[in-house]
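What follows is a set of notes on a single structure, which appears directly below.
The values are calculated or read from the model by the stated rules, or taken from the named source; none is laboratory data. The model shown is predicted, which means the values in this text are computed figures rather than measured ones. With ideal geometry, Cβ positions are generated from the backbone for all residues, glycine too; neighbour counts draw on all protein chains shown. Each accessible area value is taken on the protein alone, full model and side chains, heavy atoms only, with ligands, DNA and RNA left out. Shrake-Rupley method; radii C 1.70, N 1.55, O 1.52, S 1.80 Å.
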Amino acid sequence: DQGRRRFLGLRTSSSGGSFSAGQAASHWTPVFDAGACNGCDACVSMCPTRAIEYVEDGEGAAYVVRPSQCNGCRECIGICDRGAVTVVAGRSEGTGSRLTLSRRNCVRCGIDFHEPAANAAGDRRCRICRLRSQNLFQVRG
């Protein structure tokens, strides 16, 4: 619900978060921008139809998109603070897509985390420690 999203400080979609009811579910496909994604799992947590899932299988960790399950609600777009997810209309159902993730261990706090493999070459800190290095919690008096 858009009111709850505003209360929580989350982005709200301009169209109210839904597409026309007459559209078939297979006409929508979530698409990732690997360069913008930070691997926070917010889109996975918010997807009501599990069209976006986090999986660990024989190919490794990844976000897997299942277009046949997408209903076009755009919850993934609204929750992503990096603008890394879009929903494309009119794509063929196909087999979906896979965003490969690199599993890492933060050199600062020691927590295991994952991020898109395309972004994994640089900083070995988790996204929280990266923010903390910017004095996120600094109190000024």
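If packing is taken as the average number of other Cβ atoms within 10 Å across a peptide's residues, how do 104-117, 58-71 rank, most packed first?
Final packing ranking: 58-71, 104-117.
Remark: accessible surface ordering of 99, 131 (largest first) is 131, 99, probe radius 1.4 Å.
Label zone of residue 102 (point 7 Å out along Cα→Cβ, amide N under 14 Å): in the stretch 112-132 this covers 113-127.
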